[in-house]
Amino acid sequence: MPTYSVAVFLLAVSVIAFGADSKPESHWEGEATVCGACHEAITKQFRPTAHGKTMEFAAGPHALTCGTCHAGDLQKHIETADPATVVNQAKQKPEVVAESCLTCHVTDKHMMMWRGSQHESAGIGCLSCHSMHKPSEGKMMARKTQTETCGSCHASERNAMLKRSTHLFRDERGSVRIQCASCHNPHGSQAEKLISANSVNEKCYSCHQEKRGPFLWEHSPVRENCINCHSPHGSNNERLLAMRRPQLCQSCHAQQRHQTMVGRPNVMFNINRSCSNCHALIHGSNHPSGANFNQ
Amino acid sequence: MKRITLMFVALAAVAFAQNKPAAAKPEQKKEEKKKEPVAEPEPEPGVEVAGATVEVGAEAVTVQGEKTFGFQQYRDVPHGAFLRRFDYILRTDGSPLSFTIHAVDLMQADMRVHADGENFGKFDIKLDFEGFSRVWGNHGRSVLSEVQRGVFTVPFGLRTSLENATDAALPGLATDAVNASSQVEVRSMRQRGTITQTYNLKPSLTLRLDFMQERRSGNRPINFGTFIRHGQANGDTFETPGQELWEPTAFGTTEFGAALNYAGKHWMAGVEYHGSLFYNHTASLIYQNPFRATPASATPPSTNPQPTTGGASGGGSFRGRFAELQSSLPPDNQAHTITANAMAFFSHASKISGLVSWGRWTQNQAFLPYTDNPAVVVNPGQAGPSAPLTSLAALPQPSLNGIMHTFNGDFVASTRPFRPVQLTFRYNDYDLDNDTQQVHFPGTVAVLNSFWSNFHTGTPGRPNVPMDTWVNSFDRQRVSLEATVKPLKDLIWKGTYQHERWDRTGRQVDVENENAAITSVSYAPRSAIFLEAGFGYYDRDPNLYLDRGGLENVLIRMFDQSQRLRKQGNALFSVSPRPQFILSGSWFYSSDTFDKSLLGLHEMKSNSFSADASFNLERFSFYAGWGYDRNGYDNMGATGAALPPPLRFSRDTREGIHTAHVGFTGGYAHGKGSYQFSYAVGLSRAAITTTNVDPVPLTSQLNSEAFPFPTVKSQFHEFRLDTSYQVGKKVRLGLNYLLEPYRLNDFANDLTQPYAGNAVSAIQNDASRYYFLDIGPTNYLGNMVAAYLRFSF
């Protein structure tokens, strides 16, 4: 099926759906205006956000008001302007904030794994990363970029972008072109390290599909876990390798012959790509004579 | 690419024509007046209501150095005029419709465009286009030319002259030929377009459809090596008529999926399908051997000493005398995955969730023949097919018909029986079954088109390993129980017990179990202070090591299967004595110790430290950070003719890398101007120490004696200066400057030349006939300056 035909079909369906005459009723009048009388800047910033749209148009179980998050004695707050009469989520403990957010978001699929996730048990709350009233574009992040957000705690991973090889590709303006969320779901996942796939390898195959196989000649450690050999964030070695070659290969292949030839620095086993000078198809070969991954 | 660009522009134009932002504009202006002075060229966080931004300018780039690719490793940096940014946002108060488009590096091959149209509560569509460029190397030279995709040739006259050259004349002839050849640049490009649509069929029922098409083009480096062996009194030496050339990456991937989710009041459930089809438009890679015009096989055993390896057929000397070689490339493959998930939640912050996923991966690309070297034949006395080895009819089957099935099951139960205690139970099972039928080959063409062998070439004493494919499967189960307790208001203690079990088929260890205890404590007495420390202890215990009759010596333990003791520790602090000032630091330690009575990896340790400080005033902010990562890994290897006794040697590597960044941002001229300066540095060092454990006899000096290795060092610096000034109501003028010096001392690259002649071979065994492209990384100095005008309206 031609690719472009599928794309055009989907776009055509989109246009129809997008233009569907189903304008919902705006609920912006009322409480929001009352709050906006004092908190004008906040409400104006808030209105075009996803939460603002929810407050304006959603009905039924998804209906949202200022009091949904800022619970308390709103009437007294209006009369006295005393901040203590309503909840200020920014001053709450992370788990309290999460409880409030999960009131609505608990049934989001990407939030399904939040409870019991590494970030939750580490005491991270929603407002550690997100901003409700003044978010940056997309995902309501508090900081401008994901790298800034995640790097504020994961310093070692952030520093990996300055290593010899890295996945955190930066352009000439310093913008990172592969984001943390390209591989991780910070809200929890079904795999280790919050990987947003069934396994580390399945995540890697989502970009490196050519390594998925199955191959005629399989390399078992490769099939089990890419991280057996690679450091995905960055490495001092080329191609994100966890160790320098040939030592990486010799971690298993210490069975004499040329695999463990000690060798001077300038021998073919040590220069350029070392073992991969000959065993280039180390991720798997489909050649009847490729049992040693060399063609 | 142009079609996609035009599509986005057309969408934007249509949306712009329907724009009704009149009500929003005055509010936006009012808000802008209240904004603090802009401290950075990029916009501050905040969702814009409506408007457009266009950034145009020009850029100049100079890169000095022999190999300059590093500066543009991940980006096709443009020279000259650019349309760098185009943003269009349409949101109207009171309307559920919105449209946004964000584009950077427009009209460039690695541009990025994201468009989003939404009818709130009903429908959402996201369109993305992303381009990634990857420069692998430049200024390399090769006598090979790619005459069609995946076919590399060398002039017949040159091959004849190199084949017939004397040993003394060969280096000069080959070097001259390389110097006269054209330069090669190896670079690849990935372009991906994605459409994601979400339909809210009902408030609680959501349907998502997604479609992705990816195209990969260009090349990446690949090596093909083999060797010629010469027996010597003090060990064997090798010649290596290998090649480094460029593999075409003419790949395509189509992915599609659908997901249906239902959210109830206290539960949710969903089902999802995802398909991925990968195509490699280059069936194989064929290259001619620059050193050979006449195909020949390895020297048969009757005229040379019978080698200790290589099977009964021998072929120990003068390997690699093929005139042409055909290699396989990644085959087409398909993957289909179905996932079902459900979750229910109860009182006391309790939930149970489950996710099960089934996958099916297939691959059935036609095999290539055993060899395209007509000189390789089945020798008398050897088992083998009756058809010529160059014929597909000689193969036992035409293709693999490879099938793998995967299953992932993840189940979580979490509850907070009373406020200070949270308990989480988790069970995960990942199973990969390789259901491909084992293939038995009567033999193989060994060591790159050199000779027919009935067996794997392998470890001394194990010469007769049959040519059967290895069909390996595994099942990994992990169960954990975690308790989080708050004994005090500001104190959190966390303890986890985890058990992991691997069950493998076809590998040396079939069952292994790992028990782990992990604990941490964090203390946050005030919002300005956070302290945390943790420790983990993991004990992996494999079942008996099974001698599968393969190549491996029983003294070896694959590090991913062997006994392992892992200890991990971490500490973290963050202090903010004043709201404007934050100081933080972290430390992480990991130590893996393997069974030292065996060969292979013995120890792997890492330490990382970081310290960060930031200071934020109204119109000025400053940040600085430092990190140090230290990795060490110790191996024990063995050389010699047979085990035991081995000739053991230890090889230890100690890597260290300092990274630091410092910068400040500020504003001037009452907020009209802004500036940002940053400096980042990465300094790495790797020291490799090799020592002999056992005395080396004279007859093994060449292969077994330890030599010192040079220290590997790299230095990366990056200076950035960005400034911009509001020259008009809607116009901002900006300037970007980048200076990037990079230095690398790595003997693995420094000793690589397109054709080294005998300069290297005179020392020990050699790379004298290895044709490297010589495109590896080296020093460079990059400069980039750009001036732009940003129009906002």
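Numbers for the structure displayed
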{"read-out": "Percentage of interatomic Cα-Cα distances in the stretch A:167-295 larger than 19 Å", "value": "58 percent"}
{"read-out": "Electrostatic dipole magnitude of the stretch A:117-176 [Cβ: Lys, Arg +1; Asp, Glu -1; Cα centre; debye, to 20]", "value": "160 debye"}
{"read-out": "Average accessible area per residue (Å²) across the stretch A:121-169 - probe 1.4 Å, nucleic acids and ligands excluded", "value": "42 Å²"}
{"read-out": "Descending Cα extents along the principal axes, the stretch B:357-516, whole Å", "value": "82, 35, 22"}
{"read-out": "Of all accessible heavy-atom area on the stretch B:98-156, the percent that carbon and sulfur account for (1.4 Å)", "value": "54 percent"}
{"read-out": "Accessible surface buried upon A-B contact (total; probe 1.4 Å; Å², nearest 100)", "value": "15400 Å²"}
{"read-out": "Heavy-atom accessible surface of the stretch A:24-138: percent carbon and sulfur, 1.4 Å", "value": "61 percent"}
{"read-out": "Inter-label distance, nm, simple model (7 Å from Cα along the C-beta direction), B:Lys265/A:Lys144", "value": "4.7 nm"}
{"read-out": "Where the stretch A:68-107 is the region considered: accessible area per residue in Å², 1.4 Å probe", "value": "60 Å²"}
{"read-out": "Mean accessible surface per residue for the stretch B:78-178, computed with a 1.4 Å probe while every protein chain stays in place, in Å²", "value": "37 Å²"}
{"read-out": "Mean separation of Cα contacts under 8 Å (6+ apart) over length of chain A, as relative contact order %", "value": "10 percent"}
{"read-out": "For the stretch A:181-206, residues shielded by at least 50 square angstrom of accessible area compared with the chain on its own, probe 1.4 Å", "value": "A:Gln190, A:Glu192, A:Asn198, A:Glu202"}
{"read-out": "Value at 222 nm in deg cm²/dmol, rounded to 500, when DSSP H runs of n ≥ 4 in chain A each add -39,500 (n - 2.57)", "value": "-8000 deg cm²/dmol"}
{"read-out": "Ordering of B:266-274, A:124-132 by burial proxy (mean other Cβ atoms within 10 Å per residue, highest first)", "value": "A:124-132, B:266-274"}
{"read-out": "B:Ala283 paired with B:Leu423, simple spin-label distance in nm, labels 7 Å along Cα-to-beta-carbon", "value": "6.3 nm"}
{"read-out": "Two-site FRET efficiency, B:Leu488 against B:Ala687, from Cβ-Cβ distance with R₀ of 41 Å, rounded to 0.05", "value": "0.30"}
{"read-out": "Kirkwood hydrodynamic radius over Cα pairs of the stretch B:336-439, then Stokes diffusion coefficient at 37 °C and 0.692 mPa s, in µm²/s", "value": "177 µm²/s"}
{"read-out": "Pair-distance profile P(r), taking every C-alpha pair of the stretch B:141-226, with 10 angstrom steps and integer %", "value": "12, 27, 21, 12, 10, 9, 6, 3, 0"}
{"read-out": "Rg and Dmax [Cα atoms of the stretch A:179-241; Å; Rg one decimal, Dmax integer]", "value": "12.3, 38"}
{"read-out": "Efficiency of FRET from Cβ geometry, B:Arg578 and A:Thr85, R₀ 35 Å, rounded to 0.05", "value": "0.80"}
{"read-out": "Set A:Lys163/B:Lys596; A:Lys203/B:Lys494; A:Lys91/B:Lys486 screened for pairs whose C-alpha atoms are more than 24 Å apart", "value": "A:Lys163/B:Lys596; A:Lys203/B:Lys494"}
{"read-out": "Shape category assigned to the stretch B:466-571 from the gyration tensor of Cα positions, a/c cut at 1.5", "value": "prolate"}
{"read-out": "Per-residue SASA entry for A:Arg143, accessible area with 1.4 Å probe, Å² rounded to 10", "value": "90 Å²"}
{"read-out": "Extension gain, B:Val785 back to B:His139 (0.36 nm per residue minus Cα-Cα distance, nm)", "value": "230.2 nm"}
{"read-out": "FRET efficiency, 1/(1 + (r/R0)^6) with R0 56 Å, evaluated for B:Glu185 and A:Lys134 via beta carbons", "value": "0.75"}
{"read-out": "Listed residue (B:Phe407, B:Val521, A:Thr49) projecting farthest to the positive dipole end of the protein assembly as shown, Cβ model", "value": "A:Thr49"}
{"read-out": "Binned Cα-Cα distances of the stretch B:510-615, short to long, each 10 Å bin given as a whole percent", "value": "13, 31, 22, 16, 11, 5, 1"}
{"read-out": "Surface share of carbon and sulfur [accessible, 1.4 angstrom probe, percent] for the stretch B:390-481", "value": "60 percent"}
{"read-out": "D (Stokes-Einstein, µm²/s), Kirkwood Cα radius, the protein assembly as shown, 0.692 mPa s at 37 °C", "value": "103 µm²/s"}
{"read-out": "Extension gain, B:Lys672 back to B:Ser597 (0.36 nm per residue minus Cα-Cα distance, nm)", "value": "20.1 nm"}
{"read-out": "Inter-site label distance for B:Leu201 and B:Asp167 at 7 Å from Cα along Cβ, in nm", "value": "7.7 nm"}
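The values are calculated or read from the model by the stated rules, or taken from the named source; none is laboratory data. Quick caveat, the model's predicted, so the values are computed rather than measured. As a convention, Cβ positions derive from the backbone with ideal geometry for all residues, glycine included, and neighbour counts pool all protein chains shown. These area figures cover heavy atoms from the full protein model, side chains too; ligands, DNA and RNA do not enter into them. Shrake-Rupley method; radii C 1.70, N 1.55, O 1.52, S 1.80 Å.
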